[in-house]
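Below: one structure, written as structure tokens.
The values are calculated or read from the model by the stated rules, or taken from the named source; none is laboratory data. Just so it is clear, the model here is predicted, and its values are computed rather than measured. Neighbour counts run over all protein chains shown; Cβ positions are idealised from the backbone, glycine included.
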Amino acid sequence: MEFVDVFNQLENVAQIVRRCPTNTLRRAYVRALREWCSETLWLRENLTGQTEANVQAYALGDDPYMEIVNIVAMQGVLTTGVPAPQYWPIGPSDSEGWDPNVPASTPGTYQYLPQAQFALFPIPNQVYGLTITIALQPKEGAQQIPAPPLVKWSNDIEAGALAYLLSIPGQPWSNPQEAARNNAVFRAAIANGKADVQRGFNVGSQRARPRPFVQSRGFGWSLRW
């Protein structure tokens, strides 16, 4: 996934909220991008890895710039002991309904466990391959941000930053009316981003290339992007 420096995205916002400290501009821009990503689940990455026999919970790892919002899809694959790979979907479910007496078997459901973990049911009885689609957002203090959303949504992210900055009371740039106008633009962009996801990214989407899990001992996986 391509990243850009957030400071290079602030010029248009800075022209409107003059005398606003640069770090405040950065935090407002990242805040808007985080909110857009977390509400739309638009920014995604495909990860591949594998289960361990009799291990139910797994960690998805960490990254210096990005954090995982949720899991949006999962697929299992069996490649050992079969003439051809066997694929099946693994759907989301509530772990409160999982029967602890069910023996280990082929997992058919998962539950996302904040933050950046998941559990499988039934507990895997052997090694199975997994492909997991995760939704991402930049970390709060990030100075490098993902480029794909900015291709289509940069003006809307700027509106989200302005909606926050212009609503701060008692500042030279405070403007509640303009804050409300920019917030309407930003909320519409969130709705449009959700619609983009619901259409299956058939218009103007960008797909990130898969990155592998690195299996670790003990609790599940660790991930290095």
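Among the residues of region 109-132, those that are in a strand (DSSP E or B) and touching an Asp or Glu at 6+ places or on another chain (Cβ under 8 Å) comprise Gln111, Pro124.
Residues of region 131-146 that are surrounded by fewer than 17 Cβ atoms within 10 Å (Cβ to Cβ) and under 22 Å from Gln15 (Cβ atoms): Gln143 alone. For region 91-114, the criterion of being under 30 Å from Ile145 (Cβ atoms) and of a type in the set (A, V, I, L, M, F, W, C) is met by at least one residue.
Within region 140-162, residues that are touching a residue at least 40 places away in the same chain (Cβ under 8 Å) sit with their Cβ atoms under 7 Å from residues that are in a strand (DSSP E or B) and acidic (Asp, Glu), at 6+ positions apart or across chains, in these pairs: Gln143/Asp5; Gln144/Asp5.
The set of residues in region 8-27 being in a helix (DSSP H, G or I), over 25 Å from the mean Cα position of the chain (by Cα) and not hydrophobic (A, V, I, L, M, F, W, C) consists of Glu11, Asn12, Gln15, Thr22.
Taking region 105-124 as the search range and keeping residues that are small (Gly, Ala, Ser) and surrounded by fewer than 16 Cβ atoms within 10 Å (Cβ to Cβ), which one is nearest to Ile71 (Cα to Cα)? Don't jump to the end; show me each part of the working.
So the first thing to find is which residues in region 105-124 are small (Gly, Ala, Ser), and the list is 105, 108, 116, 119.
From what's left, surrounded by fewer than 16 Cβ atoms within 10 Å (Cβ to Cβ): 105, 108.
Details: Ser105: 22, Gly108: 15 Å.
So the residue we want is Gly108.
Name every residue in region 36-90 that is in contact with a helix residue (DSSP H, G or I) (Cβ under 8 Å, 6 or more places away or on another chain) and either free of Cβ contacts under 8 Å to residues at least 24 places away in the same chain or crowded, with 18+ Cβ neighbours inside 10 Å (or both), in order of residue number. Trp36, Cys37, Thr40, Leu41, Trp42, Leu43, Val69, listed by residue number. The set of residues from region 50-108 being closer than 16 Å to Ile134 by Cβ, of a type in the set (A, V, I, L, M, F, W, C) and part of a loop (DSSP other than H, G, I, E, B) comprises Leu60, Ile90. Does Ala28 satisfy the condition of being among the aliphatic types (A, V, I, L, M) and either free of Cβ contacts under 8 Å to residues at least 60 places away in the same chain or assigned by TED's automatic domain parsing to the domain that holds Phe118 (or both)? Spelling it out, it is not the case that Ala28 is among the aliphatic types (A, V, I, L, M) and either free of Cβ contacts under 8 Å to residues at least 60 places away in the same chain or assigned by TED's automatic domain parsing to the domain that holds Phe118 (or both). Residues that are aliphatic (A, V, I, L, M) and in a helix (DSSP H, G or I) were ranked within region 28-46; the one that is farthest from Ala73 (Cα to Cα) is Ala28. Could you please find all residues in region 8-20 being closer than 24 Å to Pro64 by Cα and surrounded by fewer than 15 Cβ atoms within 10 Å (Cβ to Cβ)? Of everything in region 8-20, just one residue is closer than 24 Å to Pro64 by Cα and surrounded by fewer than 15 Cβ atoms within 10 Å (Cβ to Cβ), namely Asn8.
All of Ser167, Ser205, Ser154 fail the test of being assigned to a loop (DSSP other than H, G, I, E, B), at pLDDT 95 or above and not acidic (Asp, Glu), apart from Ser167.
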